[in-house]
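Where a number appears in this text, it was derived from the coordinates with a stated rule and is not lab data. Being a predicted model, the structure only gives us computed values, none of them experimental. Note that each Cβ is placed from the backbone with ideal geometry, even for glycine, and that neighbours are counted across all protein chains shown.
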Amino acid sequence: MSEAFTGMWQAIHEVGRSGETGGYHRFVWTDADHTLREWFAGEAARRGMDCQVDRNGNQWAWWGDPAAGDAVVLGSHLDSVPDGGAYDGPLGVLSAFAAVDGVRAAGVQPLRPIAVVNFIDEEGARFGVPCAGSRLLTGSLSPERARALRDRDGHSMEEVLRAAGRDPRLLGRDDVLDAVGTFVELHVEQGRDLVDRDHAVGLGSEIWPHGRYRFEFTGQANHAGTTAMDERRDPMLTYAMTVLAANKKARLGGARATFGRVQVEPNGTNAIPARVQAWLDARAPAADDVAELVRAVQQQASERARRDGTRLTVTAESETGSTHFDPRLTARLARQLSDAPVIATGAGHDAGVLSQAGIPTAMLFVRNPTGVSHSPDEFAEHSDCLAGVQALTRVLGELTTAASEQGRAP
């Protein structure tokens, strides 16, 4: 199992990796993504698993007949944020294949079908909507909206899908979802909770509610050298004040507020901008806290825009409520992993989307000694990764040798 995991890790380690930073650029429907999809199909074939692709491009490797239903599904995603880390997503997919190897080596005869899944575009790095593959699968992202989404080069998802040889008319809820009885996602921890608790592996309890909001500030383009400071209508100034306001509001409210992406027009060194677009990522322990944070930031930004002579529009691009993982399933796994602490996370995952769709869902986390994620500094010790594989193997063995105790949410 250790050798198989190490071999898989080495096989994909350089795919989409920057030679300058060591970070990864694995965006959906790019060359790097195509290479990873071929790798996934190859790993399925190597194990005699039937690799299928759903309407939205998510890949499923099946051991057993999905038509039997009540399947145990493991997996995560293979895409990355810009200049992202090696572990966020791929660790879960590799561990899922390794867990299949583990239960086979133990001679387990599963009573339920098993699948490993690779959800596409979990990070939403290309088209701006996170967990796009699982959202389309479950119907929480409409095909019409998805087809109209555009990447930073102005290409729509519809255009990109056609160029990749896929029919964008197929997007939407897929019947494969009906075959899923349980979903378990293993993921590197994106924080230091397990470091502080001195545990290699933990179980997830919930995902904080979160959302992405596009703030568009418009003003008047003008010359940087000839326009007096008190005659400017500078949207960059409004944007800068908004960033500071969001930081303060989040700190005071125990929330998270991040402006991590910005686009400026005309983007000239000696030109006052005409427009600044910036994306706010907002998270908090409760949905009301997120709503209050966004409301307060928008109000303060609007007041500042009036003083600056600029205009502001805010568009909610994605919103996800609080997700509590299935308590019966989590308790069942906790009995198998008796020393594993149960922790919450502020990061979104495909597991959260499936959970909200009524699928009994659980998460396992692997310790990250740096506490850093979405960065080349993201890390997990090899021994901790193997501990995660062992835990996932135990979980898979438990879930596939007994009848499902779970029931889907109505």
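Assorted remarks:
- Of D153, D88, D339, the one that fluctuates the most in a GNM where the chain has Cα springs shorter than 10 Å: D153
- Across L186, L136, L237, mean-square fluctuation computed from a Gaussian network of the chain (C-alpha pairs under 10 Å connected) peaks at L237.
- Bridge type composition, the chain - antiparallel percent by DSSP, nearest 5: 70
- Rg over Rh [alpha-carbon atoms, Kirkwood Rh] for segment 211-320: 1.01
- Anisotropy class of segment 250-306 from Cα gyration tensor, a/c 1.5 cut: prolate
- Taking G352, G191, G309 as the candidate residues, the one with maximal mean-square fluctuation in a Gaussian network model of the chain, Cα springs under 10 Å, is G309.
- Under DSSP loop assignment and at most 16 Cβ neighbours within 10 Å, longest GluC sites (Glu not before Pro)-free interval of the chain: 21-380
- Subtracting the Cα-Cα distance of R147 and L244 from 0.36 nm times their residue separation leaves 31.5 nm of extension gain.
- Modelled spin labels at H324 and M229, positioned 7 Å past Cα toward Cβ, are 5.3 nm from each other.
- Cα Rg over Rh - segment 255-410, Kirkwood: 1.10
- R0 of 35 Å, Cβ-Cβ distance L170-R307: FRET efficiency to nearest 0.05: 0.10
- Loop-located trypsin sites (Lys or Arg not before Pro) in segment 86-149 whose Cβ has at most 14 other Cβ within 10 Å (DSSP): none
- Total charge dipole magnitude, the chain, about the Cα centre, Cβ charges on Lys, Arg, Asp, Glu only, Debye to nearest 20: 940
- Cα convex hull volume per residue for the chain (Å³): 143
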